[in-house]
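The values are calculated or read from the model by the stated rules, or taken from the named source; none is laboratory data. Remember, predicted model here, so these are calculated numbers, not experimental data. Cβ placement follows ideal geometry from the backbone for every residue including glycine, while neighbour counts extend to all protein chains displayed.
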Amino acid sequence: MFDGNNENDDAAEFTDTGNPGTTLAEQEFTAYCEANEIDCDELAMDEDTLKDFVKIKKRFVRAITEKRLVVNGCKIEYTVSDKSVGMAGQKITIGRPTGRTMLAMDGYKDSQQASKLLAYMAALCNMSKTEIHKISGLDKKDHQIIQDAAILFLTA
C-alpha cells in the first residue's frame, strides 16, 4: 500500500504494476472505490460519466502522489494543504456514508443545494452541522477532494 512513509514510494508511484499506465496511486484510488462499492469500470461508463469520473480520479491521484491523501481501506485521511489558512496541516478523515450522513441534508430547502452538499460533506468527515464552516472555509484545492468523495458516494 502507498502510504508515503517508504522511501521507494516516490519511484513506485510511477512504476508499471502489470497494468500498462497504472500507477500505485491509481491502484490506491481503485482500491478505495472497490472497498466502498463504487463502480470504477471506466469502459462501462457513458461519455459524460466517464469525463466526470476521470476528473475526480485525477485529483485523487494527484493528492495521493503529493502525500496529502492516504487510503486506509474504506476511509481516506486527507491532510489539508497550506492554501487553507487556519486549517493547514490538519488531518481530515473521510469515511463511508451512513444514515446520519444522509440525514445531514434534512432541514434544508430544495433551493439550498449547496448547503445540503456541504452538510453531507461535513457528515462524511464526522463533523456536525455546526462545523460546516470548517468545510466551507477550505481552499478550493482541499474542498474539492471532500466534494469528490461525496460525489462518488452520491452517484454510486
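Restricting attention to the stretch 94-120 and to residues that are in contact with a Leu (Cβ under 8 Å, 6 or more places away or on another chain) and hydroxyl-bearing (Ser, Thr, Tyr), the residue that is modelled with the lowest pLDDT turns out to be Thr101. Please tell me if Val54 is β-branched (Val, Ile, Thr), at pLDDT below 95 and either loosely packed, with under 15 Cβ neighbours inside 10 Å or farther than 30 Å from Thr23 by Cβ (or both). Spelling it out, it is not the case that Val54 is β-branched (Val, Ile, Thr), at pLDDT below 95 and either loosely packed, with under 15 Cβ neighbours inside 10 Å or farther than 30 Å from Thr23 by Cβ (or both). Taking the conditions exactly as written (surrounded by 13 or more Cβ atoms within 10 Å (Cβ to Cβ) and within 28 Å of Gln27 (Cα to Cα)), does Met127 satisfy them or not? For Met127, the condition - surrounded by 13 or more Cβ atoms within 10 Å (Cβ to Cβ) and within 28 Å of Gln27 (Cα to Cα) - is not met.
Pick out the one residue from Arg100, Arg59, Arg68 that is of a type in the set (D, E, K, R), loosely packed, with under 13 Cβ neighbours inside 10 Å and closer than 22 Å to Ala35 by Cα. The unique qualifying residue is Arg100.
If the requirement is being under 15 Å from Phe153 (Cβ atoms) and in contact with a Cys (Cβ under 7 Å, 6 or more places away or on another chain), which of these qualifies: Ile76, Ile94, Ile38, Ile56? Answer to the check: Ile94.
Of all the listed residues (Ala88, Ala150, Ala123), the sole one being modelled with pLDDT of 95 or more, within 19 Å of Asp39 (Cβ to Cβ) and of a type in the set (Gly, Ala, Ser) is Ala150.
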